[in-house]
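What follows is one structure encoded as structure tokens, with my remarks underneath.
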Amino acid sequence: MKPHKLAALAAFTLMASTAHADSVSIENARAFATAPTAMAGGGFLTITNTGDQDDTLIGIRADFPRVELHTTEFTDGVARMMHLDAIPVPAGETVSLEPGGLHVMFMGLRGNPLEEGETIPATLIFENAGEVEITFDIVKRDMAHSN
Amino acid sequence: MKAVIFGTTTLVAAAAIGLYVWQSTSGTPNPCGTTAIAGSTIGGPFELVSETGETVTDADVITKPTLVYFGYTFCPDVCPLDSMRNAQAAYMLEDQGLDIGTLFISVDPQRDTPEVVRDFTDNFHEDMIGLTGSPEQVRAASRAYKTYYQAHEDDPEFYLVDHSTQTYLMFPETGLATFFRRDTSPEEIAATTACFMGQLT
Ligand SMILES: [Cu+2]
């Protein structure tokens, strides 16, 4: 890992907002700043199920015309992004929504791009843990190609 | 030598089978990499619309060794990652005194206006060229490069588009040199591109 990657990770960690419900812990919720005319943005976070019961992320709310949980699948070099109704978070495990796979999709920016330094308040909805308030920090996309 | 041959019948067939790679029986390995192309007709003429709204051809935008990627700006994750990776390779080559171009061709002509692709590409590299066009122009360019795309038709504003993610290395005179899959690192792209530039220019 190159130094600039480490620095970026450290920066994320420092900035990360952490939310705790009884049984889930959310870390490193961030979204990448977008171009001024962008129509959509991606959000990423890490969910840890600290309880002894399996849980499922079943939705997210935020102040955009549409917000969804997505994943991207790759078949023979073709990327296929798709809407997910549920992301399982088994007891004791950590699930990361990170670039190149699972993500939160903020849609319908309509002239209100995601700007570095701003934040996005959102509510995660878990089957068992219920609603968890979180804040995405909007950060500049780092130059590390994660894949 | 590893050869890469693309579906030759129809675009649909090419898309369905993806990129075919197999060992060919003869030939000398290309020192620049394992993905030398045999019998392919990838690339060629296209007519698209530039970031300033002008009609441009391949000859206008591929004036130096160029990384060519097809994607769409509504994609918040994969397309930016791949575009940034290509931009990083360009910056690495620049550090070595090698000048290459980077090209992003939209496969979402309905939403990607010239302004939108300009803003999107400016995010990654000041010289990255973004192109869009009419549905027919985009279809023709994608067909020339044997790429696949298919919009989901379930929503008028928030539809998603499936699309190929390989990046082509094109030269103005000689056309296709090789292609890179999306798991290729910027370092590898820079090294392979530098090798081809030493060979072909
Ligand atoms: Cu998405």
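Structure summary
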| item | result |
| --- | --- |
| Rounded FRET efficiency, nearest 0.05, which uses the C-beta distance separating B:Glu173 from A:Thr50 and R0 of 41 Å | 0.10 |
| Dipole moment magnitude, nearest 20 debye, segment B:36-122 about Cα centre, only Lys, Arg, Asp, Glu C-beta charged | 260 debye |
| Accessible area per residue in Å² at 1.4 Å probe, computed on segment A:39-147 | 44 Å² |
| Solvent-accessible area buried by B and A, counting both chains, probe 1.4 angstrom, square angstrom | 3000 Å² |
| In Å, descending, principal axis extents of the Cα set of segment A:2-139 | 43, 34, 32 |
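The values are calculated or read from the model by the stated rules, or taken from the named source; none is laboratory data. Fair warning: this is a prediction, and the values are worked out from it, not measured in the lab. When we count neighbours, we look across all protein chains shown, and the Cβ atoms used for this are built from the backbone with ideal geometry, even at glycine. For the accessible areas, the whole protein counts, side chains as well, though only heavy atoms, and no ligand, DNA or RNA atoms are used. Shrake-Rupley method; radii C 1.70, N 1.55, O 1.52, S 1.80 Å.
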